[in-house]
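Trainee: Take this structure, written in structure tokens, and hold onto it; I'll ask about it next.
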Amino acid sequence: MTLLTVWPDNDPGTVVLRTEDGAEIQSELKRLGVRFERWDVVSGLPPTPTSEEVLAAYRENVDRVVEAEGYVLVDAMHMTPSDDPAWRENAAAARKKFLAEHTHDDDEDRFFARGSGVFYLHVGDRVYAVFCEAGDLLSVPANTTHWFDMGTRPDYVSVRFFHDDDGWVGNFTGSPIASLFPDYDTLAASRSY
Ligand SMILES: [Fe+2]
């Protein structure tokens, strides 16, 4: 289940809000200008699906978002755990890429078709950690300071929406804030089930 945890940005030890209630998560995020939706999960995708297979499975919802938000590019990617040491190395590198606080010139709009990942939004004087799971769509507006943690054993299939070819470049703030807050593995272990 999706989990939202909110802290003051200078105090990772004090939880201001922690909720797994979808409607509450949606309304909290809406105040930040962040779209959050839950889609029905389509079963039967292969373990390592192609982009086309994922997009076909979610065609109706994907088309709706593309039309509403004016995206020009949509694809799907997956991180699928393997015991191959090369995979572990690649996974660690992929995790590190967006683990520090950054912004993008474009919205970062992601749908999780499988697995999970945590988006941390640093808005005003708070940090909002959205632990996304299969069926969740989250849109981080352009220029929002944030970071993303896929955990030490990344496992997800995600659909990505783009307004142009290079909007997903990270502009890193240089802040060490991301390292001060509970990471993906810690949040995953803290959930109620
Ligand atoms: Fe990002």
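The values are calculated or read from the model by the stated rules, or taken from the named source; none is laboratory data. Remember, predicted model here, so these are calculated numbers, not experimental data. We place every Cβ from the backbone using ideal geometry, glycine too, and count neighbours over all the protein chains shown. Side chains included, ligands, DNA and RNA excluded: accessible areas come from the protein's heavy atoms. Shrake-Rupley method; radii C 1.70, N 1.55, O 1.52, S 1.80 Å.
Trainee: Based on what the data block shows, is E28 open to solvent by 40 Å² or more (accessible area, probe 1.4 Å) and either in contact with a Pro (Cβ under 6 Å, 6 or more places away or on another chain) or not hydroxyl-bearing (S, T, Y) (or both)? Full working, then the answer.
Mentor: On the way: open to solvent by 40 Å² or more (accessible area, probe 1.4 Å): no; either in contact with a Pro (Cβ under 6 Å, 6 or more places away or on another chain) or not hydroxyl-bearing (S, T, Y) (or both): yes.
In short, no.
Trainee: Does at least one position in region 99-108 carry a residue that is away from the ligand (no atom under 15 Å from the Cβ), farther than 20 Å from D40 by Cβ and over 14 Å from the mean Cα position of the chain (by Cα)? Even if it seems obvious, please write down each step before you answer.
Mentor: From region 99-108, those away from the ligand (no atom under 15 Å from the Cβ) are none; that's our starting set.
So far as region 99-108 goes, no, none of its residues is away from the ligand (no atom under 15 Å from the Cβ), farther than 20 Å from D40 by Cβ and over 14 Å from the mean Cα position of the chain (by Cα).
Trainee: Only one of (1) among the aliphatic types (A, V, I, L, M); (2) open to solvent by 10 Å² or more (accessible area, probe 1.4 Å); (3) over 14 Å from the mean Cα position of the chain (by Cα) is not met by A94, so which one is it?
Mentor: Condition not satisfied by A94: (3).
Trainee: Counting just the residues of region 174-193 that are within 21 Å of L29 (Cβ to Cβ) and part of a loop (DSSP other than H, G, I, E, B), which one comes out most open to solvent (accessible area, probe 1.4 Å)?
Mentor: Filtering region 174-193 for residues that are within 21 Å of L29 (Cβ to Cβ) and part of a loop (DSSP other than H, G, I, E, B), the one most open to solvent (accessible area, probe 1.4 Å) comes out as S192.
Trainee: Would you call E53 under 20 Å from Y184 (Cβ atoms), free of Cβ contacts under 8 Å to residues at least 24 places away in the same chain and not aromatic (F, W, Y)? I'd like the intermediate steps shown before the answer.
Mentor: Values: under 20 Å from Y184 (Cβ atoms): no; free of Cβ contacts under 8 Å to residues at least 24 places away in the same chain: yes; not aromatic (F, W, Y): yes.
No.
Trainee: Within the group F172, F181, which residue is of a type in the set (A, V, I, L, M, F, W, C) and within 11 Å of the ligand (Cβ to nearest atom)?
Mentor: Numbers: F181 fails: within 11 Å of the ligand (Cβ to nearest atom).
Being of a type in the set (A, V, I, L, M, F, W, C) and within 11 Å of the ligand (Cβ to nearest atom) holds for just one of F172, F181, which is F172.
Trainee: Within the bounds of region 135-142, is there any residue that is out of contact with any His (no Cβ under 6 Å at 6 or more places or on another chain), assigned to a strand (DSSP E or B) and within 12 Å of the ligand (Cβ to nearest atom)?
Mentor: Yes: region 135-142 contains one or more residues that are out of contact with any His (no Cβ under 6 Å at 6 or more places or on another chain), assigned to a strand (DSSP E or B) and within 12 Å of the ligand (Cβ to nearest atom).
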